[in-house]
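Okay, so here's the structure we're looking at.
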Amino acid sequence: MTKKYILLLVSYAVVASCLAQSSLDSILPVRGLCIAAPSPDGIDPFIDFINKDLVPRKINTLVLRVDFRYQYKSHPELVADNALSTSDIKKLVRTCQAGGIQLIPQVNLLGHQSWSTNVGKLLVEYPQFNETPYVPLDKELTWPNEWGLYCLSYCPLHPDVHKIVFEVVDEIMDAFEAKAFHAGMDEVFYLGDDKCPRCQGRDKAELFAGELTKIRNHLALNGRELWIWGDRLIDGKTTGIGLWEASYNNTHRAIDMIPKDVVINDWHYERPDPTAIYFA
Ligand SMILES: [Zn+2]
């Protein structure tokens, strides 16, 4: 009698938990966190963090900002300091699978190829991809500065950039066994530069949409989804949302030029504008 009573209680608890989960999934299907990928010596504490903090809170999506901190075999020249090994990544993959969390790697594409004059691996190794090679990089520049330098971009029309970038994307996606890829594409201030021999005079919204569509189409070949940050698709001037959270260089019109299956991550620093509704 006691045993049956306990069994019933357990069964009830399982049913109640399944009902709570399905109702949570129907109300809020994506419960995500985006955070920098841990360093190799931080893998074990990070796995504890997933198991003890994320799983109990029903987080089901984890975007990890990896960039070039993975030991890429296709492009060893691009591997940054403190890069994760395949075995490090697999520990994260198995932990997330066990916890019901979709793991999504992020490598910043187009923009964020430097922080000020601290240049990322892509443009260090391939300076010919730099959209604004005339900007001096020999000393740190504080914002604002005469060059308008916040972060460097690669030129989306350079004929050699996508072969390299897509090899990196494919390799990180295989390592993560991921179905979705996060390309960042936020805060792109340098785009369609007047001095770029390929981009000068072109419509910045078309350049942004073109690059986004190219990345989306490449991922779609393997049944994979593109995720991006939403700020370049919002008109900063008209809305007053500002230079970081929205676009001041007319990329916002790209919203009507991009495929509808791209997942837009809405974000804000200052004001809770209902831009998710705008995107929907
Ligand atoms: Zn260009």
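Only the coordinates and a few stated rules stand behind these numbers; no lab work does. On a predicted model such as this, the values are computed, not experimentally measured, just so you know. Here the Cβ is made from the backbone with ideal geometry for all residues, glycine too, and neighbour counts use every protein chain on show.
Quick notes on this structure:
- Helix 161-176 axis, angle to the chain major axis (alpha carbon atoms, nearest 10°): 10 degrees
- Gain in span if fully extended, ALA36 to ASP174, counting 0.36 nm per residue against the direct Cα distance: 47.8 nm
- The long axis of helix 86-99 is offset from the longest Cα principal axis of the chain by roughly 50 degrees.
- Ordering of 194-203, 234-243, 134-143, 106-115 by packing [mean C-beta count within 10 Å, highest first]: 106-115, 234-243, 194-203, 134-143
- Here the alpha carbons of the chain define both size measures, Rg and Dmax, at 21.2, 83 Å.
- As a calculated quantity, the FRET efficiency between TYR248 and SER116 at R0 = 25 Å, using C-beta atoms, amounts to about 0.85.
- The GluC sites (Glu not before Pro) of region 204-245 include none that DSSP puts in a loop with a beta carbon having at most 13 other beta carbons within 10 Å.
- Hypothetical label at GLU167: residues of region 112-135 whose amide nitrogen lies under 14 Å (7 Å Cα-Cβ projection): 122, 125-126
- Relative protection proxy for 268-280, 176-188, from highest mean packing down: 176-188, 268-280 (other beta-carbon atoms within 10 angstrom).
- Residue pairs exceeding 22 angstrom between C-alpha atoms, taken from LYS90/LYS163; LYS52/LYS73; LYS52/LYS91; LYS73/LYS139; LYS52/LYS90; LYS163/LYS214: LYS90/LYS163; LYS52/LYS73; LYS73/LYS139.
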